[in-house]
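What follows is a single structure, written as structure tokens, with notes after it.
The values are calculated or read from the model by the stated rules, or taken from the named source; none is laboratory data. Treat the numbers as computed from the prediction; the structure is a model and nothing was measured. Please note: Cβ atoms are built from the backbone with ideal geometry, for glycine as well, and neighbour counts cover all protein chains shown. Ligands, DNA and RNA are stripped out before the accessible areas are found, and what is left, the full protein with its side chains, is counted by its heavy atoms. Shrake-Rupley method; radii C 1.70, N 1.55, O 1.52, S 1.80 Å.
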Amino acid sequence: MYMTRWKRSCKPKNRLSHIQAALHFGAVKPTASWINKDERAGLGFVVMNAGNPMLYGARELTRATSSLHAEAEGLIWAMQEVLKTRNRSIQFELDCEQLVKLIQSEEDWPSMAAEIDESKLCCWHFWKYPSFIFQDL
């Protein structure tokens, strides 16, 4: 089970166009928390615009073999949720430097191939290929 929430700070006449405009120059901050003992993870993300949260979500992942896999799943989920808003231009700020390097390089990493392929596939749905930066918390 997971949840995604819209922040309702104002009531525009056309909610969708307001959301699209608000998210157009936003930044997405996905994150994950992984427990080795039972290979479970908690995923979360927040879409920020001018310092204000516009969209956020949290969910449990019942199967993650490593913290890197959990971070990748969190990124993929955040990308899918952002795409549902019809926003096609955004920046992703990750707290996992290794994941940023994997996405930006052509390096082969067989254990992460499925997650990297899926994240790159999501990227092609954006008008402009999204930027991925490492942002230490």
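Observations on the model:
- Net charge of neighbours whose Cβ lies under 13 Å from the Cβ of Asn87, counting Lys and Arg as +1 and Asp and Glu as -1: +3
- Arg40-Asp108 pseudo-label distance in nm [points 7 Å out on the Cα-to-Cβ vector]: 3.7 nm
- Burial order of peptide ranges 66-77, 94-105 (average beta-carbon count within 10 Å, highest first): 66-77, 94-105
- Dipole of the stretch 73-134, positive end: most advanced residue of Trp109, Asn87, Leu75 [Cβ charges, Cα centre]: Asn87
- Length gained when the stretch Glu97-Asn52 is fully extended (0.36 nm per residue, less Cα-Cα span): 13.8 nm
- The stretch 34-84 - percent of accessible surface contributed by carbon and sulfur, probe 1.4 Å: 50 percent
- Hits among aspartates and glutamates - C-alpha to C-alpha of Lys101 under 15 Å, sequence gap 8 or more where chains match: Glu71, Glu93, Glu115, Asp117, Asp136
- Gyration tensor (alpha-carbon) shape descriptor, the stretch 38-132, a/c threshold 1.5: oblate
- Accessible-area composition of the stretch 88-137, carbon plus sulfur, in percent [1.4 Å probe]: 52 percent
- Cα-centred dipole magnitude for the stretch 39-98, charges only on beta-carbon of K, R (+1) and D, E (-1), debye, nearest 20: 360 debye
- Heavy-atom surface of the stretch 41-87, accessible at 1.4 Å and reported per residue (Å²): 38 Å²
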